[in-house]
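For reference, the structure discussed in these notes is given below.
The values are calculated or read from the model by the stated rules, or taken from the named source; none is laboratory data. A quick note: this is a predicted structure, and the numbers were derived from the prediction, not measured. Note: ideal-geometry Cβ built from the backbone for every residue, glycine included; neighbour counts use all protein chains shown. When the accessible area is computed, the model is the full protein with side chains, heavy atoms only, and any ligands, DNA or RNA have been set aside. Shrake-Rupley method; radii C 1.70, N 1.55, O 1.52, S 1.80 Å.
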Amino acid sequence: MPIPPEIQLLIDRLNQELVETEQEATEGLSIVREVLSLFPENAIMLQFFAALSNTLLFIEISKRRIQITINRISPVDVNAEEIQEAGEDLGTELGRVLEAKLSVRRIINRLQELP
């Protein structure tokens, strides 16, 4: 059975959000690295560095989770209950990704406020 369209839309949205969040986190890390090169003991920058690095790790883990879910529902003999569970798992993952994206945006906004 092919992946149902509503599940595919959820997968596509997740992948889009992950790409955007990864780009923003990488941009933020570049800014933080510059500031840390000038002020290596800056506690706030160290926290930002840790948070953005953790976000990138989270993104990699999320990509793996999505792939595992896709593999779980791809077989021809998958039943409706497994598809429903996969949709719920993907919806939960989307919530986590959106939270991470908001966190990255808050950090980016704070970094842009620097003189």
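HN-Hα J couplings of the range 109-114 from phi, Karplus 6.51/-1.76/1.60, θ = phi - 60°, integer Hz, Gly and Pro as x?
4, 5, 5, 6, 7, 5
Counting only heavy atoms of protein chains, what accessible area per residue, in Å², does the chain have with a probe of 1.4 Å?
Details: 7210 Å² over 115 residues.
Here the per-residue accessible area is 63 Å².
Can you compute the FRET efficiency between E113 and N15 using 1/(1 + (r/R0)^6), with r the Cβ-Cβ distance and R0 = 30 Å? Round to the nearest 0.05. Numbers along the way, then the final one.
Numbers: r = 31 Å, r/R0 = 1.02.
Computed FRET efficiency for E113 and N15 comes out at 0.45.
For the range 55-112, evaluate the Debye formula with one uniform point scatterer on each Cα (no solvent term) and list log10 I(q)/I(0) at q = 0.28, 0.29 Å⁻¹, rounded to two decimals.
With one equal scatterer per Cα and no solvent, log10 I(q)/I(0) is -1.09, -1.13.
Run the dipole for the range 4-102 about the Cα centre, Lys and Arg Cβ at +1, Asp and Glu Cβ at -1, nothing else charged, and hand back the magnitude in debye, nearest 20. Kindly include the intermediate steps, with their values, before the conclusion.
Values: 8 positive and 18 negative charges, 62 e Å.
Charge dipole of the range 4-102: 300 debye, to the nearest 20.
Please name which of N79, Q112, V19 has its Cα lying farthest along the dipole of the chain towards the positive end, using unit charges on Cβ (Lys, Arg +1; Asp, Glu -1) and the Cα centre as origin.
Highest projection toward the positive end goes to Q112.
Need one number: the % of Cα-Cα pairs in the range 1-113 sitting beyond the 16 Å mark. Don't skip to the answer; put the middle values down first.
Details: 3846 of 6328 pairs.
Value for the range 1-113: 61 percent of Cα pairs lie more than 16 Å apart.
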